[in-house]
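The values are calculated or read from the model by the stated rules, or taken from the named source; none is laboratory data. Here the structure is a predicted model, which is why all the values come from computation and not from measurement. Neighbour counts run over all protein chains shown; Cβ positions are idealised from the backbone, glycine included.
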Amino acid sequence: MLSNRHELPARQLSLFDLLDRILDKGVVINGDITLSFAGVDLLSLKVNLVIASLETAKRYGIELPWEKWAREKAELEKKEKEKKKVGDGRRELGNKEP
């Protein structure tokens with residue numbers, strides 16, 4: 001008995017094609033791992049893993065580690081400058097005679 005269904009040819013996916021697809025679209029893995037003994041949590045891990053190309057990450061607005069470091073450094077420098085300004089202002093007020 002012949003079937004009218006046409007089978008689609010099996011598509012082979014090479015490792016290169018798979019990697020290209022993952023980097024183009026990106027993969028996100030979230031999970032929690034807890035190691036317990038006798039009802040007591042000994043170790044708890046929270047995993048947030050993003051696998052994507054830099055271009056894909058930027059397209060989706062993911063902050064890259066070096067961008068985060070630069071932003072945090074700039075914030076710290078700004079706070080230090082503000083502290084120094086406040087300290088200099090206090091010294092100036094303390095040195096002035098009424």
Task: Enumeration of residues in region 1-52 that are in a strand (DSSP E or B), at pLDDT below 90 and surrounded by 10 or more Cβ atoms within 10 Å (Cβ to Cβ) - done: VAL27, VAL28, VAL50, ILE51
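Please enumerate the residues belonging to region 22-53 that are in contact (Cβ under 8 Å) with a residue 12 or more places away in the chain and of a type in the set (D, E, K, R). Full working, then the answer.
Filtering region 22-53 for residues in contact (Cβ under 8 Å) with a residue 12 or more places away in the chain gives 22-33, 44-53.
Scanning region 22-53 gives ASP24, LYS25, ASP32, LYS46.
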Open item on the list: With charged (D, E, K, R) and at pLDDT below 85 as the only criterion, which of ARG71, ARG90 stands out?
Closed with: ARG90
